[in-house]
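Heads up: the structure comes next, in structure tokens.
Read-outs: derived from the displayed coordinates by stated rules, not from any lab. Just so you know, these numbers come straight off a predicted model, no measurement behind them. Note: ideal-geometry Cβ built from the backbone for every residue, glycine included; neighbour counts use all protein chains shown.
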Amino acid sequence: MDTIDFFKKNGYLVLPNVFTKNEIDIFKNETNNYIKNNKTIKNSCGITIPDFIKYNEFINTSKIQYNDKINNKLKEIFNGNNYRFCLHNDIGINRVVGWHKDKLNGIYSSYETVDIWSDYEGEKHEIVKVLIYLQEGHGLKIIPNSNNERNILTENPVLINHKLGDVIIFDQRITHRGIEKQANTQRILISFGFGKNNIFTDNFEKGSIQRQNDQNIIKQ
């Protein structure tokens, strides 16, 4: 089974050897430099840096969105070039997050003008999350094919054992979780959102922009 067939069946894939150790170290240094010199936001027992691409400290990390290996795989997932980076981007440091789906929640769910599990005028929800862990490990658990299930069911999880430099891509509606207890060492996760050019991505982008702006206001 090739990676795209695997993605269609399970809702996720691991793209190996995208970044070198040197590149990972650069991303890590930029993150730690930002933390050292700026206010941060406490989130889920750790730290979050929403909309990090707008900060000068992340000159190299922000360019991940243009990476050729990632975008070549996204073109396969989206069956062409009709997709975009939908402005959702954040960095999480040592967060402990339970089972969830990466959708608009709380007050931001009002931006979902159409049901994300439905078809709308011939279009459907096609938004993926691109994850880069800056350390090896197996902190991510996923419920395969749960992107097609509205409810958060947690039976038969798969533990993703990624290597340094790998990239994980999943349908953001998939049920997943991170580490279950606080780590003794620093764990950094970089996330980007990409979506098909349609109303589902339009809505998610608007809600994400508002949420990220609100988070950064709180930081100030």
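What FRET efficiency would be calculated for the residue pair TRP99, CYS45, taking the C-beta separation as r and a Förster radius of 25 Å, to the nearest 0.05? Step by step, r from the Cβ atoms, then E = 0.95.
For ILE41, the residues 5 or more places off, or on other chains, whose built amide H falls under 5 Å of its own are THR48.
Between rounded, prolate and oblate, where does the chain land on the alpha carbon gyration tensor, with a ≥ b ≥ c its root eigenvalues, rounded for a/c under 1.5, else prolate if a/b exceeds b/c?
Details: a/c = 1.37, a/b = 1.21, b/c = 1.13.
It is rounded, given that a/c, with a ≥ b ≥ c, falls under 1.5.
Here is the result for the stretch 83-130: no trypsin sites (Lys or Arg not before Pro) lie in DSSP coil with at most 10 other C-beta atoms within 10 angstrom of their C-beta.
Using the Cβ-Cβ distance between THR3 and LYS54 with R0 set to 41 Å, the FRET efficiency from 1/(1 + (r/R0)^6) comes to roughly 0.80.
Measuring between alpha carbons in the structure, the pairs from LYS63/LYS181; LYS42/LYS181; LYS21/LYS42 lying more than 25 angstrom apart are LYS63/LYS181; LYS21/LYS42. When only Cα pairs below 8 angstrom with a gap of at least 6 residues are kept, the chain shows a relative contact order of 32 percent.
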